[in-house]
1. State whether one or more residues within the range 176-189 are in a helix (DSSP H, G or I) and at pLDDT 95 or above.
2. Select from the range 114-142 the residues that are touching a strand residue (DSSP E or B) at 6+ places or on another chain (Cβ under 7 Å) and not acidic (Asp, Glu) and list them in ascending order.
3. When the residues of the range 7-26 are narrowed to those that are outside any loop (DSSP other than H, G, I, E, B) and surrounded by fewer than 17 Cβ atoms within 10 Å (Cβ to Cβ), which ends up farthest from the ligand (Cβ to nearest atom)?
4. From the list LYS325, LYS399, LYS404, LYS333, pick out the single residue that is within 34 Å of the chain's Cα centre (by Cα) and basic (Lys, Arg).
5. Where the second residue is surrounded by 19 or more Cβ atoms within 10 Å (Cβ to Cβ) and polar (S, T, N, Q) and the first is in a strand (DSSP E or B) and lies in the range 200-212, which pairs have Cβ atoms under 9 Å and are six or more apart or on separate chains?
6. Write out, first by first residue and then by second, each pair whose Cβ atoms fall under 9 Å of each other, whose residues are 6+ apart or on separate chains, and whose first residue, in the range 39-58, is free of Cβ contacts under 8 Å to residues at least 24 places away in the same chain and within 14 Å of the ligand (Cβ to nearest atom) while the second is of a type in the set (Gly, Ala, Ser) and not in a loop (DSSP other than H, G, I, E, B).
7. What about LYS71, is it more than 16 Å from the ligand (Cβ to nearest atom) and within 30 Å of ALA198 (Cα to Cα)?
8. Give the range 60-85 a look and list any residue that's part of a loop (DSSP other than H, G, I, E, B) and without any contact (Cβ under 8 Å) to a residue 40 or more places away in the chain, or say none.
Amino acid sequence: MALSGVEIFKLLPKTNCKKCGQPTCLAFAMKLAQRQATLDLCPDVSEEAKQKLGEASAPPVRPITLGSGDKAVKMGEETVLFRHDKKFVNPCVFALEVKDTLSEADIAAFCNQVVDSEMDRVGQKLRVNAIMISNESGDAAKLEAAAKTVAAKAAGVPVIINTTNAQAAETAVKLFADKKPLLFGANASNLEAMAAVAKSNKASLGISAASLEELSELTEKAKGFGVEDLVLDSGARKAKDMIEHNTLVRRAAIKKNFKPLGFPVISFAQRGDSLLEALVASVCIAKYSSIVVLSSIEKWKNLALFTLRQNIYTDPQVPMQVEQKIYNIGDPKADAPLFVTTNFSLTYFIVSGEIENSKVSCRLAVMDSEGLSVLTAWAAGKFTATKIAAFIQESGIDKEMATKELIIPGYVAILSGSIEEKLPGWKITVGPREANAIPAFLKSRA
Ligand code: SF4
């Protein structure tokens, strides 16, 4: 069971030395209990307390990495049932299934689709993250050949080897031994052999069972064989069963701290009908799957699933933000107009999009307003004349400009006088209230 803040406090040094960044040991204990701090921040904690607290502060869903390098994905580490309590941590992985019965050319084509799946949405790179190579043929040589094609055509993409044959698994997994693959296909009858292959190739192990009871027994056995990084398959294939099983697994891990089920979950959404597949996958995204296996990745489906995943895995308490800086749009010269706005992602993308539409090269000064839109930030005192003036002055952008003119959003026209006072030598121009009026505004100045 997770320890309460007071129970944690009893194990801390109680010197209130503040080295952890908190004013007191009690405050630090509360942060630990809420999983908002880690124990290593206290340098004076005893070894005994470290052991007790280390176990208690470990995330209820074990963190597991799939793949290596810049395309590696982290799974698990979740601490809540509902995203309004605290954000979900690691977005689920989309894996495209490639069967070893396909021709080499078809496998290569699937690989290309995965590699080309990346898209940019509100500043984040979204993609299909992994390839599952399934031993549909039952032939070890075909699995190995398919794995070789994937290794060559989709280098760097995390891989899942799907087979129940430990010998076939060995030759295929070996190709990705230094890249943290997932070996999927362990069950009650092959667990020891599959665990040995996973262990010797530093792979995670995916375990299937006919029930959650059997699954929890198998995970304990796998740990006994020396494999700690596990992925769970409860055997659910219908959407209704997936919701039920995934919820029971997550609840057991989070509410009961039940370690045998404290692992990421894999779900199989493949359907003959792509529209139905997208629907099933959306259920998996919403309800706790860490890996969602797909049979195809058409662009329309990617857009829908990426968007849903991105929204489920953003923190509802923290608005999406872009970095505070001055962005060049087009190729702005010394006489290019300078706009200022806030760093709410949506505001940035709408304003920068309209400037691009105008075909006039501009600079866009994006000020940190903690992710609030213009009017909200102004009302909250985060987009004030003083702050705007300080930001523009500190940026040093005036050195690159022929005329010191700043265009402010029409919604904060009221600030123009006071910004002018605080920015001597600058002309403050009130721009449009709505971003879609920017092209006409810029045209009128030409
Ligand atoms: S560093 Fe440790 S001893 Fe010091 S205040 Fe924080 S918890 Fe207490």
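1. If we filter the range 176-189 for residues that are in a helix (DSSP H, G or I), which is where we start, we get none.
There is no residue in the range 176-189 that is in a helix (DSSP H, G or I) and at pLDDT 95 or above.
2. Keep residues of the range 114-142 that are touching a strand residue (DSSP E or B) at 6+ places or on another chain (Cβ under 7 Å), which gives 114, 118-119, 126, 128-136.
Scanning the range 114-142 gives VAL114, MET119, LEU126, VAL128, ASN129, ALA130, ILE131, MET132, ILE133, SER134, ASN135.
3. At the first step, the residues of the range 7-26 found to be outside any loop (DSSP other than H, G, I, E, B) are 7-11, 25-26.
From what is left, the residues that are surrounded by fewer than 17 Cβ atoms within 10 Å (Cβ to Cβ) are 7, 10, 26.
On the way: GLU7: 14, LYS10: 12, LEU26: 8 Å.
Restricting to residues being outside any loop (DSSP other than H, G, I, E, B) and surrounded by fewer than 17 Cβ atoms within 10 Å (Cβ to Cβ), the top hit is GLU7.
4. On the way: LYS399 fails: within 34 Å of the chain's Cα centre (by Cα); LYS404 fails: within 34 Å of the chain's Cα centre (by Cα); LYS333 fails: within 34 Å of the chain's Cα centre (by Cα).
After ruling out the rest, the residue left standing is LYS325.
5. Correct list of pairs: GLY206/ASN162; ILE207/THR219; SER208/SER234.
6. If the second residue must be of a type in the set (Gly, Ala, Ser) and not in a loop (DSSP other than H, G, I, E, B), the pairs left are LEU39/ALA49; LEU39/GLY54; LEU39/SER57.
7. Working: more than 16 Å from the ligand (Cβ to nearest atom): yes; within 30 Å of ALA198 (Cα to Cα): yes.
So LYS71 passes the test.
8. Going through the range 60-85, the residues part of a loop (DSSP other than H, G, I, E, B) turn out to be 60-63, 67-68, 72, 76-85.
Within the range 60-85, PRO63, GLU77, PHE82, ASP85 meet the criteria.
The values are calculated or read from the model by the stated rules, or taken from the named source; none is laboratory data. Quick caveat, the model's predicted, so the values are computed rather than measured. Positions of Cβ are generated from backbone atoms using ideal geometry, with glycine treated the same way; all protein chains shown enter the neighbour counts.
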